[in-house]
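Enquirer: Can you keep this structure in mind? I'll have questions shortly.
All of the numbers you see were taken from the coordinates with simple rules; none came from a lab. A quick note: this is a predicted structure, and the numbers were derived from the prediction, not measured. We place every Cβ from the backbone using ideal geometry, glycine too, and count neighbours over all the protein chains shown.
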Amino acid sequence: MSYHLIEVTDASANIHCPHCQQAVVNFANEEYIQPCKHTLFIALNIGFEYVADRFEKLLPKSVDELHEDLEQDIFKIVSAVNINDMTIVKSDLGVMDMFRYTGFSK
Ligand SMILES: [Zn+2]
């Protein structure tokens with residue numbers, strides 16, 4: 001597996017793309033999900049908030065199927081996807097064991 005993991009402990013911090021610096025999770029906006037072209041996915045433990053077409057094609061199952069099976073560990077699924085130079089930002093939501101995972105690649 002080839003990915004870099006960046007851990008963020010501040011749940012209220014915006015999440016910026018490491019390639020173009022866009023705030024792809026921007027809590028100042030009502031529409032706080034603002035994916036850039038480098039964004040592969042934005043997911044919580046319990047499901048995806050956003051998936052790029054090019055990333056969805058690489059998933060072992062469709063997003064709908066993954067959502068039906070809530071036993072699935074989203075992080076295990078996304079981190080196993082074989083894509084070059086993936087960066088995953090793991091942000092602590094400050095609620096028990098809840099994280100947001102945001103994936104990027106060029
Ligand atoms: Zn970007």
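Enquirer: With +1 on each Lys and Arg Cβ and -1 on each Asp and Glu Cβ, how big is the dipole of the chain about its Cα centre, in debye rounded to the nearest 20?
Expert: Numbers: 8 positive and 16 negative charges, 106 e Å.
Its charge dipole is roughly 500 debye.
Enquirer: Cut-off is 10 Å between beta-carbons; in what order do Leu59, Leu66 appear when sorted fewest neighbours first?
Expert: Leu59, Leu66
Enquirer: Trypsin sites (Lys or Arg not before Pro) within region 1-70: which are DSSP loop residues with at most 15 other Cβ atoms inside 10 Å? Present the calculation step by step, with values, prior to reporting the outcome.
Expert: On the way: sites: Lys37, Arg54, Lys57, Lys61; in loops: Lys37, Lys57, Lys61.
Passing sites in region 1-70 are Lys37, Lys57, Lys61.
Enquirer: Using the Kirkwood radius built from alpha carbon pairs, what does the Stokes-Einstein equation give as D for region 3-104 at 20 °C and 1.002 mPa s, in µm² per second? Could the numbers behind the result be given before it?
Expert: On the way: Rh = 13.7 Å.
My calculation gives 156 µm²/s for D.
Enquirer: Something else now. So how far apart, in nm, are the two label points at Leu5 and Ala28 if each is 7 Å from Cα heading toward Cβ?
Expert: Rounded to a tenth, the inter-label distance reads 3.1 nm.
Enquirer: Here is a further query. Using a 10 Å Cβ count of at most 16 others and DSSP loop calls, identify the longest part of the chain lacking such chymotrypsin sites (Phe, Trp or Tyr not before Pro). Can you show the working numbers first?
Expert: Details: sites that count: Phe27, Tyr32.
Free of exposed loop sites, the longest segment is 33-106.
Enquirer: Once the Cβ-Cβ distance between Ala13 and Val95 is put in as r, and R0 is 22 Å, what FRET efficiency do you end up with, to the nearest 0.05?
Expert: Working: r = 15 Å, r/R0 = 0.70.
Result of the calculation: an efficiency of 0.90.
Enquirer: Let me ask something additional. Top mean-square fluctuation among Ser91, Ser79, Ser12, Gaussian network model of the chain, C-alpha springs under 10 Å?
Expert: Its mean-square fluctuation being the largest, the pick is Ser12.
Enquirer: In addition: What are the GluC sites (Glu not before Pro) within region 28-76 that DSSP puts in a loop, where the Cβ has at most 15 other Cβ atoms within 10 Å?
Expert: Values: sites: Glu30, Glu31, Glu49, Glu56, Glu65, Glu68, Glu71; in loops: Glu30, Glu31, Glu71.
Taking region 28-76 and a limit of 15 other Cβ atoms within 10 Å, the loop GluC sites (Glu not before Pro) found are Glu30, Glu31, Glu71.
Enquirer: Then there is this: Pull up all non-local amide H partners of Val25: gap of 5 or more, or a different chain, and H-to-H distance under 5 Å with H placed in the peptide plane.
Expert: Excluding prolines and chain starts, which carry no amide H, the hits are Ile15, Gln34.
Enquirer: Okay, helix-only estimate at 222 nm for the chain: each DSSP H run of n ≥ 4 adds -39500 (n - 2.57), divide by all residues, round to 500 deg cm²/dmol; what do you get?
Expert: Numbers: 3 runs with 16 residues, N = 106.
After summing the helix terms and dividing by residue count, I get -3000 deg cm²/dmol.
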